[in-house]
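Engineer: The following block contains the structure, expressed as structure tokens.
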Amino acid sequence: MNPTRTSAWTRLAEHATSHPPAALRELFAQDPQRACHFRQEACGILLDYSKNRISDTTLHLLFDLADACDLRSHTRAMFEGDAINSTEHRAVLHTALRTQGDVPVLVDGHDVLPAIREVRARTYAFAERVRSGDWKGFSGERITDVVNIGIGGSDLGPLMVCEALKPYADGPRMDFVSNVDSLHLVQTLKDLDPARTLFIVASKTFTTVETLTNARSARAWLVAAGGETAVARHFVAVSTNAAKVNDFGIDTANMFGFWDWVGGRYSLWSSIGLSIVLAIGPAGFDELLAGAAAMDQHFRTAPLAENLPVILALLGIWNVNFLGSASQVIAPYNQTLHRLPAFLQQLDMESNGKRVRADGEAVDYATGPVIWGEPGTNGQHAFFQLLHQGTAVIPVDFILALRQPGQIEAHRTSQIANCLAQSAALMQGKTAEEVRAEMQAKGIAAEEIEALIPHRTFPGNRPSNTLLLDELSPRSLGALLALYEHKVFVQGSIWGLNSFDQWGVELGKQLATGIEQRLAGASEPAYDASTEALLAYTRSK
Ligand code: G6Q
């Protein structure tokens, strides 16, 4: 359905133009309780959304919009295994992978939980053997290094989680190779010993060119050192495609499966998370799942006004569709979350970067914004200039886990101070009067002051959310990731999209296959003049 045809949308549009909320500074001055009023807490995460340009009326209208777009029934349909990925006729059940109870989850009448538990038990048993040193390489040595070869959803999630939970890692060292540029593999293997290295080939389809190319070269590297028989001790696969795994030369006894109802970018909870299990152990992975399950439960049951994913999603809709923001920054203040922006970029942009609704109609309203970001402290010394004084207003999610194993207290205070300072600066800005008074106090000449005032003034009134995690543990990370998954789901539901397909990545893949044939000497297929000219140039080098 078209959300702009609902009366809630019309009222929101009218509210945004004829009662534009006062500047954030004034809103805080008018209501000293604003910070307590616009905050919610669940699953170890505090969401402070008071620095958004909203009032109670805005929120009520947004909740009306969620109701008008049938959010509750969409949510039920996802959790209950309906084929909501309509263009691929698939259920969307990453939530089943982390469900804690025994209430059956049915797909085509079959409970999927027993199969999930069976594969997880095999994954855990294998990981324990590797972690304990019982699983030996071809020369009888234990495995000390693991290389996950995968791309997109088969790389970003496990990589991001392994980085985030490094303080909890007590297994083999983990590396991730995704880029088809051979240097990624070559540089990774440079310091590794084939006798002690295990490769996980992670690919849902087992047809992804980049992954298979890297896997073939890794296999050749291993075989050169240990011979063909070494493959069985050093290669395992994570896939839904047993036939292709077998064709590649990996024994399916060394394969960990999953199912077509797990989308690539939602797959870290499945056996695609094998690298995570190897790094932090089964107990840590259980905690990650439990944290996500707690957020699932919160999302399913909490009233809209207390529901973290719903609030985060609706604020995004307000900023995108009614205040005109085309982009959203993710700024984590914990270094180990440094791949979170890249992970969320895929999660959000591949899910909601769509211009056609699930019903096939073209949208006439903005959908998913551009998601980008970097660790906040580093961003402050780089692109934050544009956030503070650029012409575009770009909302920011500030994310900070207050405790983490191994922290040095003196750094911690600076980390917190920086995070809070940036959202305060974006919100309050700095007026010409404030700049003038500050410069006068420093004894700067009046002429110099007047010349610099325009440059040193900050407009402020720039929205942000602050998400504070009590600690960065497997459990709270699980909750944080599920929070963003559901945020994306809520926005997709309101925009009427199918958030679970990704047809937009197909055309480039198709063209690359033909271009590769041309590079190998074929005369067909022919391309446009620009591509032909570039092809000719690359061939001349
Ligand atoms: C994710 C996408 C995509 C996918 C990769 C890798 O939702 O579908 O990023 O994960 O293209 O695919 P394979 O796992 O099949 O190699």
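The values are calculated or read from the model by the stated rules, or taken from the named source; none is laboratory data. Fair warning: this is a prediction, and the values are worked out from it, not measured in the lab. Neighbour counts are summed over all protein chains in view; Cβ atoms, including those assigned to glycine, are modelled from backbone coordinates with ideal geometry. To get the accessible areas, we keep the full protein, side chains included, count just its heavy atoms, and leave off ligands, DNA and RNA. Shrake-Rupley method; radii C 1.70, N 1.55, O 1.52, S 1.80 Å.
Engineer: Looking only at the range 133-153, count every residue that is in contact (Cβ under 8 Å) with a residue 60 or more places away in the chain, away from the ligand (no atom under 16 Å from the Cβ) and either assigned to a helix (DSSP H, G or I) or of a type in the set (Lys, Arg) (or both) and tell me the total.
Structural biologist: The qualifying residues number 1.
Engineer: Just give me the residues in the range 222-252 being within 19 Å of ARG142 (Cβ to Cβ) and either within 11 Å of the ligand (Cβ to nearest atom) or not charged (D, E, K, R) (or both), in sequence order.
Structural biologist: Result: LEU222, ALA225, GLY226, THR229, ALA230, VAL231, ALA232, HIS234, PHE235, VAL236.
Engineer: Please work out which residue is farthest from the ligand (Cβ to nearest atom), limiting yourself to the range 154-171 and to residues that are touching a Leu at 6+ places or on another chain (Cβ under 8 Å) and either of a type in the set (Gly, Ala, Ser) or closer than 18 Å to SER203 by Cα (or both).
Structural biologist: Selected residue: GLY171.
Engineer: While we're on this one: If the requirement is being in a helix (DSSP H, G or I) and surrounded by fewer than 22 Cβ atoms within 10 Å (Cβ to Cβ), which of these qualifies: GLU485, GLU532?
Structural biologist: Matching residue, one of GLU485, GLU532: GLU532.
Engineer: Confirm whether PHE458 is open to solvent by 10 Å² or more (accessible area, probe 1.4 Å), within 14 Å of the ligand (Cβ to nearest atom), touching a strand residue (DSSP E or B) at 6+ places or on another chain (Cβ under 7 Å) and at pLDDT 95 or above.
Structural biologist: So PHE458 fails the test.
Engineer: Being in contact with a strand residue (DSSP E or B) (Cβ under 8 Å, 6 or more places away or on another chain), part of a loop (DSSP other than H, G, I, E, B) and of a type in the set (A, V, I, L, M, F, W, C) is the filter; apply it to the range 315-363 and report the residue that is farthest from LEU469 (Cα to Cα).
Structural biologist: Per the criteria, the residue is VAL363.
Engineer: With the requirement that a residue be touching a strand residue (DSSP E or B) at 6+ places or on another chain (Cβ under 8 Å) and of a type in the set (Asp, Glu), what does the range 141-193 give you?
Structural biologist: Scanning the range 141-193 gives ASP145, ASP155, ASP175, ASP193.
Engineer: Another question, if that's okay. Counting only residues that are touching a residue at least 60 places away in the same chain (Cβ under 8 Å) and part of a helix (DSSP H, G or I), which one in the range 204-221 is nearest to the ligand (Cβ to nearest atom)?
Structural biologist: Out of the qualifying residues, it is THR211.
Engineer: Given the conditions (1) in contact (Cβ under 8 Å) with a residue 24 or more places away in the chain; (2) under 30 Å from GLU228 (Cα atoms), report the number of the one that ASN85 does not fulfil.
Structural biologist: Going through the list (1) in contact (Cβ under 8 Å) with a residue 24 or more places away in the chain; (2) under 30 Å from GLU228 (Cα atoms), ASN85 breaks only (2).
Engineer: Then there is this: Can you list the helices (runs of 4 or more DSSP H) lying wholly within the range 1-112 that have 1 or more residues being acidic (Asp, Glu)?
Structural biologist: Once the helices (runs of 4 or more DSSP H) in the range 1-112 are filtered for at least 1 residues that are acidic (Asp, Glu), what remains is 7-18, 24-30, 56-68.
Engineer: Next question, about the same structure. Where residues in the range 172-185 are open to solvent by less than 30 Å² (accessible area, probe 1.4 Å) and either of a type in the set (Gly, Ala, Ser) or assigned to a helix (DSSP H, G or I) (or both), which of them is nearest to the ligand (Cβ to nearest atom)? I'd like the intermediate steps shown before the answer.
Structural biologist: In the first step, residues of the range 172-185 are kept if they are open to solvent by less than 30 Å² (accessible area, probe 1.4 Å); the result is 172, 176-178, 185.
With the extra rule that they be either of a type in the set (Gly, Ala, Ser) or assigned to a helix (DSSP H, G or I) (or both), the set shrinks to 178, 185.
Details: SER178: 9, LEU185: 16 Å.
So, considering only residues that are open to solvent by less than 30 Å² (accessible area, probe 1.4 Å) and either of a type in the set (Gly, Ala, Ser) or assigned to a helix (DSSP H, G or I) (or both), the one nearest to the ligand (Cβ to nearest atom) is SER178.
Engineer: When the residues of the range 257-274 are filtered to those that are more than 11 Å from the ligand (Cβ to nearest atom) and among the aromatic types (Phe, Trp, Tyr), which remaining residue is nearest to PHE199 (Cα to Cα)?
Structural biologist: TRP269
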